[in-house]
Amino acid sequence: MNEENTVATPEFDSAGLYQEESFTDRRVGTIRQLTPVDANGATDSSRPVLFTGATQVMTAAGPMPLNFDIPGETLEEAAGNFGESAQKAVEDMAAKLEEMRREEASSIVVPGQGRGSGGGSGLLGV
C-alpha cells in the first residue's frame with residue numbers, strides 16, 4: 001500500500017477531555033455542559049466549563065438542526081444566554097446560506113462543462 005492511499009489514524013486527545021451533561025426544557029432545546037476532566041476523570045479546574053446549545057429551526061426544506069456555543073460560567077447563565085446565542089447562530093447560518101447562494105449564482109458556466117448531466121449550455125441547439 002503506498003503512502004498516498006493511507007488514512008491517518010485519529011488520535012484521541014487525552015489532555016483535552018470533557019465530561020458531558022445534557023439539560024433540556026423539553027420545549028426549545030438542549031444545553032450541553034462540558035466539564036473539563038483529566039485522564040483519570042477528575043475535574044480539571046485549570047480549564048473553564050463550556051456550554052453548547054442545540055435546537056431546531058424550521059426552514060422551507062423542513063427542520064434543520066442548529067448547534068452553537070453559549071457564553072456563561074454557570075448553567076443558569078448559559079440558560080439565560082440560550083435565546084440570544086441561538087438567534088445569532090440562526091443569523092450566521094442565514095448569512096452563510098446567502099453567501100453560498102450568491103457564489104452559486106455568480107459561477108460561470110462553460111459550454112461542455114455544464115451543471116446538468118447533459119453537459120451543454122442549456123440553450124437549444126448548443
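Throughout, read-outs are computed from the coordinates displayed, never taken from laboratory work. Because the structure is predicted, anything quoted here is derived from the model rather than measured. Glycine gets a Cβ as well: all are built from the backbone with ideal geometry, and neighbour counts include every protein chain shown.
Between residue 13 and residue 67, what's the calculated FRET efficiency when r is the beta-carbon distance and R0 is 25 Å? Round to 0.05.
It comes out at approximately 0.80.
Over 22 Å apart: what share of the alpha carbon pairs of region 14-98 falls there, rounded to a whole percent?
35
Compute the signed sum of charges (Lys and Arg +1, Asp and Glu -1) over the other residues within less than 13 Å, Cβ to Cβ, of residue 81.
Net charge in that neighbourhood comes out at -4.
Which ³J(HN,Hα) values in Hz, rounded to whole numbers, follow from the phi angles of region 6-23 under the Karplus curve 6.51 cos²θ - 1.76 cosθ + 1.60, where θ = phi - 60° and Gly and Pro get x?
7, 10, 5, 7, x, 10, 6, 8, 6, 8, x, 7, 9, 8, 9, 10, 10, 9
How far apart, in nm, are two points set 7 Å out from the Cα along the Cα-to-Cβ line at residue 59 and at residue 103?
Spacing of the two 7 Å Cα→Cβ label points: 1.5 nm.
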